[in-house]
1. Looking at (1) aliphatic (A, V, I, L, M); (2) more than 14 Å from Met112 (Cα to Cα); (3) part of a loop (DSSP other than H, G, I, E, B), which is the one condition that is false for Val258?
2. Name the strands (runs of 3 or more DSSP E) wholly within region 554-673 that hold at least 3 residues that are surrounded by 24 or more Cβ atoms within 10 Å (Cβ to Cβ) and of a type outside the set (Asp, Glu)?
3. Consider only pairs whose beta carbons are under 9 Å apart and that are at least six residues apart or on different chains; among these, list those whose first residue lies in region 172-183 and is more than 10 Å from Gln157 (Cα to Cα) and whose second residue is modelled with pLDDT of 75 or more and in a helix (DSSP H, G or I).
4. Answer yes or no as to whether Lys363 is under 30 Å from Tyr448 (Cα atoms) and surrounded by fewer than 18 Cβ atoms within 10 Å (Cβ to Cβ).
5. Say we look at region 486-528 and pick out the residues that are among the polar types (S, T, N, Q) and at pLDDT 95 or above; which of these is farthest from Thr394 (Cα to Cα)?
6. Find the residue count for region 465-488, including only residues that are farther than 13 Å from Ser390 by Cβ and over 12 Å from the mean Cα position of the chain (by Cα).
7. Out of the residues in region 286-309 that are surrounded by fewer than 20 Cβ atoms within 10 Å (Cβ to Cβ) and in a helix (DSSP H, G or I), state the one that is farthest from the chain's Cα centre (by Cα).
8. Quick check, is Gly617 under 21 Å from the mean Cα position of the chain (by Cα), closer than 19 Å to Lys348 by Cα and at pLDDT 95 or above?
Amino acid sequence: MSDQIQSRSQRRKQQEQARKTDRKGSKKPGGKKKQPLWKTILKIAVIVAVAGFVFGAGLFTYYAATAPELDEESLKDPLSSELYVEGSEEPLITLGPEKREHVEYEQIPQIMEDAILATEDVRFYKHHGMDLWRLGGAVLANFRDGFGAQGASTISQQVVKNSFLQNEKTLKRKAQEAWLAFQLERKYEKEEIFEMYFNKVLMTDNIYGFGTAADQFYGKEPEELELHEAALLAGMPQSPNRYNPYRHPERAEKRRNVVLGLMVQHGKISQEQADAAKAVPVREGLIPPEEQKHHGNNKYAAFVDMVREELEEHDLSTADGLKIYTTLDPAAQEKVESTISSENIEAKTGKNPLASAAVIDTKTGAIKAIAGRPDYRSGDKNLALVDDRSVGSTIKPILDYGPAIEYLDWSTGQTVDDERRTYKGSDQVIRNANGRYLGKMTMRKALYMSQNVPAVSTFEEVGPEKAADFAKNVGINIENPNSSSALGGGVGASPLQMASAYASFGNGGMYTKPYTINKVVMRDGKTERDLRPKPASAMKDSTAYMITDVLREVVKNPQGTAYRHVSSHGLDVAGKTGTTNYDTKTFEERFSGEDMAVPDSWFVGYTPEYSIAVWTGHQDYYTPLTEWEERWFPQRAFSEILGDLAQRGEHSSFKKPKSVVEATIEVGTDPLRLASDWTPSDRKSTELFVRGTVPERVSKTYEPEEEETETLPAPTGLSADYDEAQNLVRLSWNHEGGDGVEFAVSYSVDGGSAQNLTTTSEMAAAATGVEPGRTYTFSVVARSGDASSPPASVSLQIGGAPEDEQPEEPAENEQEPDENEQEPDENEQEPDENEQGDGGNNGNPGNQNPGQGQGNGSGNQGNPNNGQGGGQGNQGGGQQQTPGGPGGQTSPGDGSGDQGGDGTGEETQNP
């Protein structure tokens, strides 16, 4: 027993000693080391990789097990998509192949196969459906040759994707695509797979397969194609409509040349062959558009073509078996197509110019109707999308006055000066359409009358950078604008772009990129994709409303440039006219005998519901519009389209936002001043201001001087009556001032400066020779000795319509910057620009002619002449104003009255 106890005691001592020894050993150098950190990380990475591989393999297996079965019919026949309109669950149009040229593999020429394989799948005959080398090479090619130079999917993958899978970038689709491609390679020979691809791939619009495309574009069988033609076709499937050589020749040429480069890279052709093919113009050999075969029906063709292009932007196509829910309004589309038809255009103009139009929803940007050209057929060039034609004065709200309100807090009553001046750094004079400079006026009037000088000055005050930023916010990109850009010089945009830009003014400053597709439902019938773009704030709501309020005057004010030819159909309409012109050198060389020759005419108008842009011109820039009826067509077409829309749906009015207030100002004050009690009515104008910017000071211009102690009562009951038969205005008034009182009668025309008419002791006067379409304001002041009365004023609009806009002559070699057409009197022929005016009529007695020409006479003033010269007064001597009539266009004529000296009329552009 004692031995056992001793043994246990010894064992405990031994164990304790061993523990001490271990502790000491662990503190000495050379003991056991910790594992390095990188080994720990490596172990974790391996574990994660193995776990990821196992998970990925399992997921791939699951996706592969749920993949659809290969079906030979689906492999060989393209799928169709259905197009729907808003509010309908019944398809309007089925989009799919109507007729294809099927080509057997043995008939496919080697040059065609080489071009396709070099572009799409150069290792096609070496892989088994998936090509990892291809995937890596695609990444390098995109860096070396530009994005899109080479795709990563093999031809086998593209065949199964287009036949069975949804076009979506998901892991599930990629996994199923790879599995099905592998299965396809096991079931079919390579030649059979290539034949499927060759005949099934979407080329453009409703054209499927390279054989059909060869016949459509070149009128050839595939074996007849030349190298440059085969290369162009081989490059198209990546983005069929964007590489269509008819619509986008520059893109098509660039893509063709990429294909030729890839063929050299992969040893299919020599560099010399590629260079020779690149030198061939991309349009060479193409069948003229009017001789092309048209596949499928052409119902709503321009809109459907836009749907196809929009699908491509979202990596989709009509070959994906989609349900496409569009923004189309079929009734509006039919009206737009009938309005922009050759028959209607010829009936309205007596000529055959081209035209295009776009109708969009003001609030959403949704395209409701589009007319690409008269009698548009699928595949034609859509002129509503062409953005290289100058927009003329339709740019003024976008590049001049909109930015002034947005960035400078201008009001619609801002004083601008319409005086003779030149472009900065140039001796070229800026001309107004009507040949007159009207002095100080409001911004409102400058815009609705489309005066050019104030527009240029406004642009220069805003600055080109801010002006360009404003335009960019509404979808118009203008690089390095200059002063001529203020009138549209060198500024190109499409009707669709202009309609959407103006819609921003009608939508409280919100801009939405125009679109044709609301959503698509994928071929599984469940997956939906919303394709509507997001709206963005382009400007303040105050800017949008203030511009809209001014553009209302273009249509409803008798002095507005669209007053005569645009009908609002009872709707709240705002809009702007635009006409362009050739540069001086081009005009002199090509059109010296055609004074009316202009390249483009525009009208852009909008309501709270719709924004509509119409363009008229010729596809050949140097084929001009030569008649007034051609220039007027955009306004009349707008009215036709709007009239149809007015009969359907509900319509509202533009609502003034809380950020905008009204105030009555005195016209011509700078800085602006509020009108006083003494301000004549013709100098008062109620204008819009951004809240917080209304001037506080009241004008003192018309207040009587303090030293005046004696005043007379103002005339009362002032009336003005127009006698159309004698073309004069009769004035009458009352006064209680007693004997010895004389009355000074003055007038102004269209808000211009005041001019003396006559001084009389009678309480009546007459103004002869007034001009139809003008607004005359008459003022009467009673005087007796040094005493005078406040003025009594009355305004009168003379029957008729104002002059339209006439394009200004641009600088030499510079694209025309302006518009402004002035219309002739009805049934009156337009004379040459330098034609001499007829002589003036003999003068009638009465110093009372408020015209616009220059005449000399201190005695009784003459009636206006029928040319440009003023009529001659009876006595000769001092100056009076007498208008030129509707004769010669720009040159002054000489007129003589009964006795006085020469009378010369101011230069005008009244045809």
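The values are calculated or read from the model by the stated rules, or taken from the named source; none is laboratory data. In this text the structure is predicted, and so the values were computed from the model without any measurement. Every residue, glycine among them, receives a Cβ derived from its backbone with ideal geometry; neighbour counts consider all protein chains shown.
1. (3)
2. Because the criterion is at least 3 residues that are surrounded by 24 or more Cβ atoms within 10 Å (Cβ to Cβ) and of a type outside the set (Asp, Glu), the strands (runs of 3 or more DSSP E) in region 554-673 that meet it are 574-579, 600-606, 610-617.
3. These pairs meet every condition: Arg173/Lys161; Gln183/Val160.
4. Yes.
5. Asn518
6. Number satisfying all stated conditions: 10.
7. Across region 286-309, the extreme among qualifying residues is Glu291.
8. Against the criterion (under 21 Å from the mean Cα position of the chain (by Cα), closer than 19 Å to Lys348 by Cα and at pLDDT 95 or above), Gly617 qualifies.
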